[in-house]
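The structure appears right after this line, and notes come after that.
What follows is calculated from the coordinates using simple rules that are stated; it is not laboratory data. Since the structure is predicted, the reported quantities are computational estimates derived from the model, not experimental observations. With ideal geometry, Cβ positions are generated from the backbone for all residues, glycine too; neighbour counts draw on all protein chains shown.
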Amino acid sequence: MSALAEIQPYVEAFKARPPVPEPSWLVQRRDGAIRRFSELGWPTRKQEAWRFTDLRPLQKSSFPPAAAAGDATEADVAPWRYPNAAHRIVLVDGAFVPALSAIGTLPKGAWLASTSQTLHERPELLEPALRETDVLGGQAFVSLNAALFADGFVLALEPGIALDGAIEIVHLGRAANRSAQLRNLILLGPNSRATLIETYAGAGAYWTNAVGVVGIGIGAVLRHVKLQDEDEAAIHFGHNRIELGRDARYENFTLSLGGRLARTDIHLKLDGEGAACGLYGATLLRDEQEGTIATVVDHAAPHGTTREYFKSVAADRAHGVFLGTIGVRPQAQKTDANQLSKNLLLSRRAAIDTKPELEILADDVKCSHGATVGDLDEAALFYLESRGIPVAEARRMLIEAFATEVIERIEDDAVLRAHLSRHVARWLAAGIAR
Amino acid sequence: MTDTTAARNLAPLREGYKYGFVSDIESESAPPGLNEDTVRFIAAKKGEPQWLLDWRLEAFRKWQTMESPHWAKLRIAPIDYQAATYYSAPKRQNAPKSLDEVDPELLKTYEKLGIPLNERAALAGVAVDAVFDSVSVATTFKRTLAELGIVFCSFGEAVREHPELVRKYLGTVVPQGDNFYAALNSAVFSDGSFAYIPSGVRCPMELSTYFRINAAKSGQFERTLIVADKGAYVSYLEGCTAPQRDENQLHAAVVELIALEGAEIKYSTVQNWYPGDAEGKGGIYNFVTKRGACRGARAKISWTQVETGSAITWKYPSCILEGDDSVGEFYSVAITNNFQQADTGTKMLHLGRNTRSTIISKGISAGRGQNTYRGLVRVQPKAENARNYTQCDSLLIGDKCGAHTVPYIEARNPTARIEHEATTSKISDDQMFYCQQRGLSKEDALSLIVNGFCKEVLKELPMEFAVEAQKLLAVSLEGSVG
């Protein structure tokens, strides 16, 4: 298919949308976004940020947006339920499903609802978050999302509001050859606090294209967990744009297990003095999976801190990619940033590409990065085997230890650590072919 | 002292460019511009055989279809390739047979540069195939080398005397169409050096060539080809100085190294061209393609570079590790001060089993300099037990400069072990305080700390070079503190 033909179904889908009453600013922005998408087309390997990504699974067929939420029951959600959730929102095929959701009592000044409901009741929340940059500077997937999104979730906390219980968001994909275009928004006012567990799962060859905008105000704290456990035939793109105010903290953990083609983009800007972020994650890949973690951390203010640590495991014919950039602007003196990419390459036909990048324009900084690629440690394997543990089991143990080590970096939340470790163990139990 | 405040009052280079003078020699230049006739003119001037002319033309045709690379973190003013002169040679005097026949003006130039060409060459134990602009003027130690069967001569001479060797290896490591600058070089290369070390011979002295750009507006297109046959060893030194000029001068060299089974090539560079003045005016554009191939088992290629000159450096000395158990090394110090920009690094391509590579890169940015390490380590599926260790450290002096690290790691074999680490920091106030408290001046303290920072690389340089390199670091950083 030519480049134009590949994107045509999406342009058609845009034109064919059923008329929904929407504020005029949104109608305008959607028009601008689809124009931008048509200009951009799919990214190619000639673009630096996409040189390691094989988009063929996406290009081979088309995934117009699902018309409505597919059928899903409590049992479909059960495997991913987070034990400690105080609030739950479930979206199926990109649309909010009230029957499966349970939003608990929220304190005054807290807003948690689906994007569509927010558009009706609190459009002022969404308007600034759907800024021009999405339409103009953004990449193709973000523009497409801006044009087509129907739903998602919105969390907005007024100053000083602390949500103690975790918020759980489950995105289920059910419709084959359809896409879920999700638009999420998290706005934390000064000194507010929240924990958010986002899960992406499903069954079938669907495409999830999620875009999140996250704003964290002065002194606010967000713990943001993403469990990407899509069907192994599905495609997943998740793009989060995060801005931190003064002394704000953002901690992200991304556990990526599913998807035929999966990519998580995190664009984070430390905009206020003394802001801190921690980006952690593990990606496990087997069969023909391709998994990419792409992060851009932009230190735009002094005294910022970044801790970044990603691990990936590639077995069988899988392909793991890490693209990490830390940029320090001239004014961002006293930045303290480090970045680590550790990779296990388990098979002769698997591949790992990693590119940790530093771009430093201030002098009084402490920045470092590291990357390693290798197989399981022979000595460790031998040790376990000499203790009578069969080789397959020994390998499994070592892979599990490798992946869960980064989970241990999550402080003060044993329930969350156990939840993520359980999914790692489940993934490993299914075995790898080598 | 804090470096931040120091850099704000950045003083211009005090000593200035020591080697900035122009010697007055009548040039015999090609008219400015580049087309097939220019290529033919060069080939005819040099009396080259038809096959080489064809090879040049093929390269030229490829070059015409190519675009200059734009991926590097470099700001380059558009270059008008039609405005440059592609050939300039000192006036021919029927090929000088001894130093007495050499233009005294030329000798004086070398003297000012301190090149050990005369009896000084013997003292320093260095054989110099001095390249003045484009054509080799004098070659020393040839006889000693000839006795061992070593061929060390200008490229032009090699084409005449050893066409079979040149034809066999030319363009096998850096093909004509490899990249924009390599294609340009292949089309218009003027001269350069050729070395062939026969099987089992250990070259008894360091081979060295001084490159010098002289005639105004004449880009210099060196071509170096070094072949170490089975079990041979050679250490090659390359050092550069150029006169001070206002206009940017283009330099697009190609260096090809070939190490056969068990051979070792050590290639050291001290690059001290004119970096432009404190306002960023002038300076050399250095777009170089350097690549070595370890063709046989247990071959080894080691690149060491100290890059202090050039307004813009675009250079990635690389190793293709084809032979089993072959070894590639890259040691680099790159300094950017004032408005200098450097985008440099290496590529290590692991193809054979048990191949090993080491990358040690030290980048120093001062003033408004921009320094980028860009490297690739790729392990192919058949490279069992490949091993790479990479360390890239950046030092920042002043708050207007930048240091960037862009490593690519591409692993295709699970038995490979690859490690990369990089740090970026400034010179700590504690270190400076300690040195100054012991009575060292700021500049001496800086020089001491920077030399310590670069020690791992400098110790790889042959003795004569190491001394020069240390001095060069101090000169390059002058005015960046205080």
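Observations on the structure shown:
- Beta bridges assigned by DSSP with both partners in the protein assembly as shown are antiparallel in approximately 10 percent of cases.
- Relative to the current alpha-carbon distance between A:Asp336 and A:Trp25, full extension at 0.36 nm per residue lengthens the span by 107.9 nm.
- Kirkwood-Stokes translational diffusion coefficient of chain A, alpha-carbon pairs, 4 °C, 1.567 mPa s, µm²/s: 59 µm²/s
- Debye intensity ratio I(q)/I(0), log10, region A:1-150, q values 0.13, 0.17, 0.19, 0.21 Å⁻¹ (C-alpha model): -0.77, -1.14, -1.25, -1.32
- Taking amide H as placed 1.01 Å from N in the peptide plane, the amide H of B:Gln305 sits under 5 Å from that of B:Thr269, B:Tyr331, B:Ser332, B:Val333, each at least 5 places away or on another chain.
- Table column - 3J(HN,Hα) (Hz), region B:33-49, Karplus curve with 6.51, -1.76, 1.60, x for Gly and Pro: x, 9, 8, 4, 5, 4, 4, 5, 4, 4, 4, 5, 3, 8, x, 8, x
- One decimal place: the segment A:Val415-A:Glu124 gains 101.2 nm when fully extended, by the rule 0.36 nm per residue minus the C-alpha distance.
- Taking the Kirkwood radius as Rh and the Cα radius of gyration as Rg, region A:287-434 has a ratio of Rg/Rh equal to 1.05.
- Under-5 Å amide H pairs with A:Thr254, H placed in peptide plane, nonlocal only: A:Lys226, A:Tyr280, A:Gly281, A:Ala282
- Cβ crowding within 10 Å averaged over residues, with B:34-44, A:318-328, A:347-357 ranked highest first: A:318-328, A:347-357, B:34-44
- For A:Val213, the amide hydrogen comes within under 5 Å of the amide hydrogens of A:Asn184, A:Leu185, A:Ile186, A:Arg241, counting only partners 5 or more places away or on other chains and with H modelled in the peptide plane.
- Applying 0.36 nm per residue to the separation of B:Leu448 and B:Trp51 and subtracting their alpha-carbon distance, the gain on full extension is 137.7 nm.
- For residues of A:369-380, the mean tally of beta carbons on other chains within 10 Å: 5
- Pairs of C-alpha atoms in the protein assembly as shown farther apart than 53 Å represent 24 percent of all such pairs.
- For the pair A:Glu48 and B:Asp80, a Förster radius of 25 Å applied to the C-beta separation gives a FRET efficiency near 0.35, rounded to the nearest 0.05.
- Shielding by partners, peptide B:397-408 (average Cβ within 10 angstrom, other chains): 6
- Cross-link partners of B:Lys400 among lysines, defined as those whose alpha carbon lies under 23 angstrom from its own and excluding same-chain residues fewer than eight positions apart: A:Lys269, A:Lys334, A:Lys366, B:Lys73, B:Lys281, B:Lys362, B:Lys426, B:Lys442.
- Only beta bridges with both residues in chain A are counted; by DSSP, about 5 percent of them are antiparallel.
- Partner chain coverage, peptide B:422-431 - average Cβ within 10 angstrom: 5
- Cβ-derived FRET efficiency at R0 45 Å, B:Phe41 paired with B:Phe433, nearest 0.05: 0.15
- Sequentially through region A:185-191, phi angles give Karplus couplings (6.51, -1.76, 1.60; θ = phi - 60°) of 9, 10, 10, 9, x, x, 6 Hz, Gly and Pro residues having no value and appearing as x.
- Calculated FRET efficiency, A:Ala16 to B:Leu165, Cβ-Cβ distance, R0 = 60 Å: about 0.30 to the nearest 0.05.
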